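Since every read-out is calculated from the coordinates, none of them should be taken as a lab result. Computed from a predicted structure; not experimentally measured. Positions of Cβ are backbone-derived with ideal geometry, glycine not excepted, and every protein chain shown enters the neighbour counts.
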Amino acid sequence: MQASATVKTNLLGLHRPALERYFADLGEKPFRARQLLQWIHQRGVTDFALMTDLARDLRARLQERAEVRAPRVIREQVSEDGTVKWLLSENGGSAVETVFIPEPDRGTLCISSQVGCMLNCTFCSTATQGFKRNLSADEIIGQVWFAVNALADPRLGERRVTNVVFMGMGEPLLNLEAVRPALSLLRDDLAYGLASRRVTISTAGVVPGMDDLAHGDEFALAVSLHAPTDELRTRLVPLNRKFPLADLMAACQRFVRVHHRRSITFEYTMIDGVNDSRREARGLVRLLNGLPCKLNLIPFNPFPGTPFRPSSPEVIYEFQKVTRAAGIITTVRKTRGDDIDAACGQLVGQLLDPSQRRRVVQEQLARQAMPA
Ligand code: SAH
């Protein structure tokens, strides 16, 4: 590890093994990493000078070569229902959105994994903004660090983050390199200590990524399904061309097997007259047959320029009757933070040229090795 006056290592994104390596390179014992994790993630301390159980000369060396740099807040909006949305400034002038959703029994933080998104789902407003780049591990975990510390403010009700979902901007399984250490920190008892069922990765169906992640840290998986047939799903989620339903469902079966029958949550955005008929409900029942799963119906959240509209509550109710009768646990997601555009698919941030999206998605997919 090279000490440099200008480029300092940001320790915020280093998970326990990486931090242990960092201290080994400094000729220090591994338990220093454990101390650092607690100072940074549990006590919210970023100034090495305040880390009083580290020797004075180690603090000085850290100050020289490292830093703990969290994102800065650009804008904070608080919804009438208590939902908080932050626009956070990341490295190099990018911005991402992070949303906190308070409920009586939990506090869910929805985080972003990329600046923008390259998947181009036709009903998602993030897609209309194009793709800029992957977030780094410190930028991903930095959203959690920021929210945990911001929520300690009595003005925001001194709420706690009990659950984290990767359902903000971006496709987490196209940025595994950074998502993996962030996951590890979320689960680490010396950092955020969240149980595996309290951390959810949501994917549009990146099959190699699903297989890849299945063998690392434990977490809950959500799959954005939205349609029971390839024809319809390809229209809504163009990634379906690359990973059609047969491949996606086979990957779900593998995930369930590796995770000892842990159930998968399928997300299904209800779009008026597009995917919300009883026929589609019955198709979904056939598709999910035998898989331990839950179904989450999300009324479509409109955004400017979209041709789609949300299904009516009656239609959603009828759809739910069909899937429930078939024994599938089905919930309807309450739309939260509507007045501040914090609902699903409404996260925008600051993004780049959409024309780059196609090239980048090809490159990303090419880099994901297909399993033999
Ligand atoms: N790329 C990941 C995570 C981000 S999207 C994924 O696709 O799962 C999080 C969820 O919000 C997904 O299920 C997505 O399909 C859904 N969503 C996107 N736009 C929406 C909209 N306008 N209305 C309702 N749900 C939407």
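Observations
- Local electrostatic count at residue 219 - Lys and Arg +1, Asp and Glu -1, tallied over other residues with Cβ under 12 Å: +3
- In this structure, residue 21 and residue 254 have a Cβ-Cβ separation that, at R0 = 22 Å, corresponds to a calculated FRET efficiency of about 0.10.
- Label sites at residue 277 and residue 160, each approximated as a point 7 angstrom past Cα along Cα to Cβ, lie 4.9 nm apart.
- Folded to 0 to 90 degrees: helix 176-187 orientation relative to the chain principal axis, Cα: 80
- Taking the charge dipole of the chain about its Cα centre, with +1 at Lys and Arg Cβ atoms and -1 at Asp and Glu Cβ atoms, the residue from 74, 193, 225 reaching farthest to the positive side is 225.
- Globularity ratio of the chain, using Cα Rg and 2.2 N^0.38 Å: 1.01
- Pairs of Lys residues in the chain that lie 8 or more places apart, or on two chains, and have C-alpha atoms under 20 angstrom apart add up to 4.
- Normalising the Debye intensity of the range 9-67 to I(0), with uniform scatterers on Cα atoms only, and taking log10 at q = 0.13 Å⁻¹ returns -0.26.
- For a paramagnetic label modelled on residue 29 (point 7 Å from Cα along Cα→Cβ), amide N atoms under 15 Å away belong, within the range 43-69, to 53-56, 58.
- Percentage relative contact order, the range 9-67, counting C-alpha pairs under 8 Å, at least six apart: 35
- Cβ-derived FRET efficiency at R0 45 Å, residue 80 paired with residue 325, nearest 0.05: 0.80
- Top positive-direction residue, dipole computed over the chain with Cβ charges, set 60, 150, 263: 263
- Charge dipole (debye, nearest 20) of the range 9-67; +1 at Cβ of Lys and Arg, -1 at Cβ of Asp and Glu: 160
- The rule of thumb for compact globular proteins, 2.2 N^0.38 Å, goes into the C-alpha radius of gyration of the range 1-143 1.24 times.
- Distance (nanometres) between label positions extended 7 Å along Cα→Cβ at residue 38 and residue 318: 5.9
- Additional length obtainable on full extension of the chain from residue 152 to residue 197, 0.36 nm per residue less Cα span: 13.8 nm
- Computed from Cα atoms, the angle from the helix 245-258 axis to the main principal axis of the chain rounds to 50 degrees.
- Within the range 60-110, all pairs of alpha-carbon atoms sorted by distance into 5 Å bins from zero give the percentages 5, 18, 19, 16, 14, 11, 8, 5, 3, 0.
- Under a model in which nothing but the beta-carbon of Lys, Arg (+1) and Asp, Glu (-1) is charged, the range 72-367 shows a dipole of about 800 debye around its Cα centre.
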